[in-house]
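To keep things clear, I will list the structure first and then write my remarks on it.
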Amino acid sequence: MRRWVPLAAAGGLLVWTALVTPLSVAIGEYFAYYDPQSDAERLEYHRDLAAHVYTAGHWLGQFLAALGGAWLVARSGTYRPAAVARAVLAGVLLGLATGVVAIAAGLRQLRTHGYPSVAPDPTMLSEPAVRWCLLASVVCFPLWALIGAAIVGLTRRRALLAVVAAFLCQPATALLGVGVVAPPSSHPVAVSLIADGGRTALVMPAILLAWAAAATVAATTAGRRWRLRGG
């Protein structure tokens, strides 16, 4: 893969994140509090809408973070701490950039959709539950990059295909109760479940961290065995 391809993919993600905001509004309106009547219910609706709008592009971004982690380690030719560190750093930067673009693109939407009239802060950026949701989602970027890097360390062949399979299988398990089997990402269904949970939103990256740690240990062990065998 040429060096410009990951940069082009990252740039495309940021453009997509900005353009997909109206779709995030539609998804948020679908998953938000059903038929709000009181001001409290309208506020909850507006908060849930904000969580969806501000995580626009996150699921695709985490997918690209996993692919990026795999590419960086594959490009280095070996699974070593320096390559893994670069993968994690790339995931952090991608997560921050995606989060900033999603918020910038979503501010106007939050002021014109939902029920901004009942919210002390129509943008909902001061709402703790929304902040925890955003934090949990952004933290998943470097964790997926770490998992992508570990998959390369374990498989050594067809690593990108393995990342795709591992990542695409998990949205069906977005319910946090079964997330231990396959870690949930910032898929819209997962966001709808954690939007009102406050700090419980950290369950999402906590599960992913456990998987990342297990994958890293396995990849490190496998790498040592291969080196000892001269592979």
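Looking at the stretch 22-43 only, could you name the residues that are more than 23 Å from the chain's Cα centre (by Cα), within 17 Å of L193 (Cα to Cα) and of a type in the set (D, E)?
E41
Checking V92 against (1) farther than 22 Å from A212 by Cα; (2) touching a helix residue (DSSP H, G or I) at 6+ places or on another chain (Cβ under 6 Å); (3) modelled with pLDDT of 90 or more: exactly one of these is not met. Which one?
In the conditions (1) farther than 22 Å from A212 by Cα; (2) touching a helix residue (DSSP H, G or I) at 6+ places or on another chain (Cβ under 6 Å); (3) modelled with pLDDT of 90 or more, V92 misses (1) alone.
Scan the stretch 188-225 for residues that are open to solvent by 70 Å² or more (accessible area, probe 1.4 Å) and not polar (S, T, N, Q) and jot them down. Please lay out each step first, then the result.
Of the stretch 188-225, the ones open to solvent by 70 Å² or more (accessible area, probe 1.4 Å) are 193, 196, 199-200, 209, 211, 217, 224-225.
L193, D196, R199, L209, W211, V217, R224, R225 - these are the residues of the stretch 188-225 that are open to solvent by 70 Å² or more (accessible area, probe 1.4 Å) and not polar (S, T, N, Q).
Could we say that A172 is at pLDDT below 80, part of a helix (DSSP H, G or I) and on the phi < 0 side of the Ramachandran plot here?
On the way: at pLDDT below 80: yes; part of a helix (DSSP H, G or I): yes; on the phi < 0 side of the Ramachandran plot: yes.
It is true that A172 is at pLDDT below 80, part of a helix (DSSP H, G or I) and on the phi < 0 side of the Ramachandran plot.
Among (1) under 15 Å from the mean Cα position of the chain (by Cα); (2) within 30 Å of A222 (Cβ to Cβ), which single condition is P81 missing?
(1)
Determine whether V53 is β-branched (V, I, T) and at pLDDT 90 or above. Give the derivation first.
Details: β-branched (V, I, T): yes; at pLDDT 90 or above: yes.
In short, yes.
The values are calculated or read from the model by the stated rules, or taken from the named source; none is laboratory data. From a predicted model like this one, the values you see are computed outputs, not experimental measurements. So basically every Cβ, Gly included, is an ideal-geometry build from the backbone, and we count neighbours across all protein chains shown. Surface accessibility is based on the protein's heavy atoms, side chains included, excluding ligands, DNA and RNA. Shrake-Rupley method; radii C 1.70, N 1.55, O 1.52, S 1.80 Å.
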